[in-house]
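As structure tokens, the structure follows; a few thoughts come after it.
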Amino acid sequence: MSLLDRIRPFLYRDLSARRPFLIDGARVGWVEPALAERLRAFPQTFAVDDDAVRLSATLADFDSRSRAVDAVLRRLRADGLFPGWRDEAYAVGTRFDAPPLMQIERSVVPSFGIKAYGVHLNGYVGRGDAMRLWVGRRSRRKAAWPGKLDHLVAGGQPIGLSLMDNLVKEAGEEASLPPELARRAHPVGVVTYLVTNEEGLRSDVVFSYDLELPADFQPVNRDGEVEEFFLWPIDRVMRVVAETDDFKFNVALVIIDFLIRHGFVGPDDPDYLAILAGLRSHPDYLDVPPAA
């Protein structure tokens, strides 16, 4: 096994079985077939055919779209769908910087293949060969990826918060990082991917941050989502990422990006170019607006 084994699932994809999800003619997701068939029962909200799932043209603004879709999803939830319901709203749109077209419950995002965003913090101590990275273990009671290894701080990007405000919020909840310390985190780029897994179609852009922490800092979890923390030498982190799937899948990607940026993986690695390609593999990740 190798770092490339963590990357390989993100290099190939087949969306042929899914149907584009369109709002006002713009594709904002990819609906899985079984869900598309269930949505046929709600023609006032969804227009479903063999080629696409479209939001009704009568729903012409953010509020009406959000209310109508939420009502349908709650009906389907009552029928047993979406067991991981979180009561947390995500934005739905064509680009990260564009006004959202509507909002949607977080737990259904992979079923609709909607692009989602998140923040991940690499919290480290020391530099060079002496560097160590903080690692968390997710609670075994979590609905998603229980017991997997994770970052010191990571979270999805809800609607209505800036990236930094979300990072500060998550840092306080997950690791008791004071706001003034969390705000020292440096944005270092993105990791992107489009992959099918047990949740559905994850179509994600992860904003990565680095934060050098004091040697005496000790994280304390406040929200019950992390069982324990470890401060691991980089060689151990690298070995566990390469040789196991103990890390949550997207955490492994962000860590590999960290290893490259800090010089622990370089162009002499025979898999270097394939690894780089896998870290930016989402076909839409540039979010480039059309020319004026």
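The values are calculated or read from the model by the stated rules, or taken from the named source; none is laboratory data. Keep in mind that this is a model prediction, so the values were computed, not measured. Positions of Cβ are generated from backbone atoms using ideal geometry, with glycine treated the same way; all protein chains shown enter the neighbour counts. Quick note on the areas: whole protein, heavy atoms, side chains included, nothing else; ligands and nucleic acids left out. Shrake-Rupley method; radii C 1.70, N 1.55, O 1.52, S 1.80 Å.
Can you go through Arg8, Arg77, Arg38 and tell me which one is under 21 Å from Glu198 (Cβ atoms), surrounded by 12 or more Cβ atoms within 10 Å (Cβ to Cβ), without any contact (Cβ under 8 Å) to a residue 12 or more places away in the chain and not aromatic (Phe, Trp, Tyr)? Spell out how you get there, then give the answer.
On the way: Arg8 fails: without any contact (Cβ under 8 Å) to a residue 12 or more places away in the chain; Arg38 fails: without any contact (Cβ under 8 Å) to a residue 12 or more places away in the chain.
Arg77 is the lone residue from the list that is under 21 Å from Glu198 (Cβ atoms), surrounded by 12 or more Cβ atoms within 10 Å (Cβ to Cβ), without any contact (Cβ under 8 Å) to a residue 12 or more places away in the chain and not aromatic (Phe, Trp, Tyr).
Rundown of residues vs (1) of a type outside the set (Lys, Arg); (2) within 24 Å of Arg13 (Cβ to Cβ), yes/no style:
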{"residue": "Thr192", "(1), (2)": "yes, yes"}
{"residue": "Val205", "(1), (2)": "yes, yes"}
{"residue": "Leu211", "(1), (2)": "yes, no"}
{"residue": "Pro214", "(1), (2)": "yes, no"}
{"residue": "Arg236", "(1), (2)": "no, no"}
{"residue": "Val240", "(1), (2)": "yes, no"}
{"residue": "Ile256", "(1), (2)": "yes, yes"}
{"residue": "Arg280", "(1), (2)": "no, yes"}
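Taking the options Gly123, Gly155, Gly136, name whichever one is in contact with a helix residue (DSSP H, G or I) (Cβ under 6 Å, 6 or more places away or on another chain) and part of a strand (DSSP E or B). First the steps, then the outcome.
On the way: Gly123 fails: in contact with a helix residue (DSSP H, G or I) (Cβ under 6 Å, 6 or more places away or on another chain); Gly136 fails: in contact with a helix residue (DSSP H, G or I) (Cβ under 6 Å, 6 or more places away or on another chain).
The unique qualifying residue is Gly155.
Quick one: Met164 ticks every box in (1) open to solvent by 20 Å² or more (accessible area, probe 1.4 Å); (2) in contact (Cβ under 8 Å) with a residue 40 or more places away in the chain; (3) not acidic (Asp, Glu) bar one, so which box is it?
It fails just one condition, (2).
Return yes or no: is Trp145 open to solvent by less than 50 Å² (accessible area, probe 1.4 Å) and part of a loop (DSSP other than H, G, I, E, B)?
Numbers: open to solvent by less than 50 Å² (accessible area, probe 1.4 Å): yes; part of a loop (DSSP other than H, G, I, E, B): yes.
Considered against the rule, which asks whether it is open to solvent by less than 50 Å² (accessible area, probe 1.4 Å) and part of a loop (DSSP other than H, G, I, E, B), Trp145 comes out as yes.
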